[in-house]
Structures are given as structure tokens and as C-alpha cells.
Amino acid sequence: MMAEPLFDSAEFRQVCGHFPTGVTAVTAVAADGAVAALTVNSFTSVSLEPAKVLFCVTSHSSSFPVLMGSDRIAIHILGQDQEDVARRFATSGLSGAERLSGVSWVPGPDGVPLLPGTPAILAGVRDEVITSGDHVIFLLDVDRVHLKPTDVPALSFYRGRFVTPSRAATE
């Protein structure tokens, strides 16, 4: 049994915020045609052989049912010039289709929305789904990647704000 923590959730969030993370946009389409479009900063590579990545989503997310009903998912690594996309996809109260409205995207071969303006895209098949606390870990078997040659640094999240490498160094 876990001991009672000696801190509250706000303090825990503040401490974790001291670790800068990359920012991604995740898209998916469920079998019923519902679309997910959300901002995720809990993303990491898991394995090179086979190619596998993971991302985490709160089980209370409006996108959660769509992700659970999707076999294929795309993860877009956002550039520092795409803070507007990150903010749009993080807007609560909007459906995935509403979040995609006004954002440049194309349907992938499997119907999953792809954001061609992002520096990199990983797409694949949803593998394992693991519940831990109030979040769900989605493991993805990557079968397609797209890398756009660019010098634009990745968008990051640090201390509760979107940052670029140059802005993070001065804060």
C-alpha cells in the first residue's frame, strides 16, 4: 500500500513543470467517424526494434473515447511556430472536428488527419492501453514516419507555458 503523500496535487504539478517537455498534436479517427485532435506533452519513444512510442491522456479527456475506438493514431511533433495549433488542440469544450476546423490538415491513407506543416509525424497502430492513476498510457506500434527538413526548433512546455529553446534558456 502506498503511503499518503506529503504534498498536494498543485505542488506535484509545479515540481513536474520544472521538466521541459516537447509538445505534440495527436489525431485519430474512430470506427464511427468521430475525430480526436488533442495536444499532448507526455510523449516518448519506447523502442527502436520494433518502433514503438507512447503518450498519456487523462481518462477524463473528451478525446479519450475516440482514442479508445481508434486502431490508428498519428502523433505530430510541433515546431515552435505552431503554438496556435497546440493551443487550439488543447481547448476544452471543442470536439476533435471543431479543433481541426481552421487548421491545415489532410486525410492520411487510413483516414487519420495529418498536419503536413509539422516537422515530424509518426503514425501507427494502437497497441497496448494501460491505465495508471487518472491517466491512460497508449502504446503505438509505428509503421509510418514523415520528417520535414526544417531548422525550426520543437515547441516545448516548461513551467506551465509554451516555450521555445531560446525563451526557456532565459526563464
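For this structure, a couple of remarks:
- Inter-site label distance for ALA97 and ARG144 at 7 Å from Cα along Cβ, in nm: 2.2 nm
- In terms of the mean number of neighbouring beta-carbon atoms within 10 Å, the peptides 86-94, 44-52, 122-130, 27-35 order highest first as 27-35, 122-130, 86-94, 44-52.
- Heavy-atom accessible area per residue - the chain, 1.4 Å, Å²: 57 Å²
- Modelled spin labels at GLU83 and ASP110, positioned 7 Å past Cα toward Cβ, are 3.3 nm from each other.
- Surface composition of the chain: carbon plus sulfur atoms contribute 59% of the solvent-accessible area (1.4 Å probe, protein chains only, all chains present).
- Net length gained if the chain between ASP151 and ALA120 were fully extended (0.36 nm per residue, minus Cα distance): 10.0 nm
- Taking percent of Cα pairs over 28 Å apart as calculated from this structure, the corresponding entry among (i) 32; (ii) 16; (iii) 22 is (iii).
- Label sites at SER132 and ALA10, each approximated as a point 7 angstrom past Cα along Cα to Cβ, lie 2.7 nm apart.
- Report summary: the helix-based calculation at 222 nm, which adds -39500 (n - 2.57) for every DSSP H run with n ≥ 4 and divides by the residues of the chain, gives -4000 deg cm²/dmol.
- Rounded, prolate or oblate (a/c below 1.5 giving rounded, otherwise prolate when a/b exceeds b/c) for region 8-51 by Cα gyration tensor: oblate
- Computed from the C-beta positions of SER59 and ALA30, the FRET efficiency with R₀ = 25 Å rounds to 0.95.
- Packing-based order for 56-69, 4-17, using average beta carbon neighbours within 10 Å, highest first: 56-69, 4-17
The values are calculated or read from the model by the stated rules, or taken from the named source; none is laboratory data. Quick caveat, the model's predicted, so the values are computed rather than measured. Cβ coordinates were reconstructed from backbone atoms using ideal geometry, including for glycine residues, and neighbour counts include every protein chain displayed. Areas reflect the complete protein model, heavy atoms only, side chains present, ligands, DNA and RNA absent. Shrake-Rupley method; radii C 1.70, N 1.55, O 1.52, S 1.80 Å.
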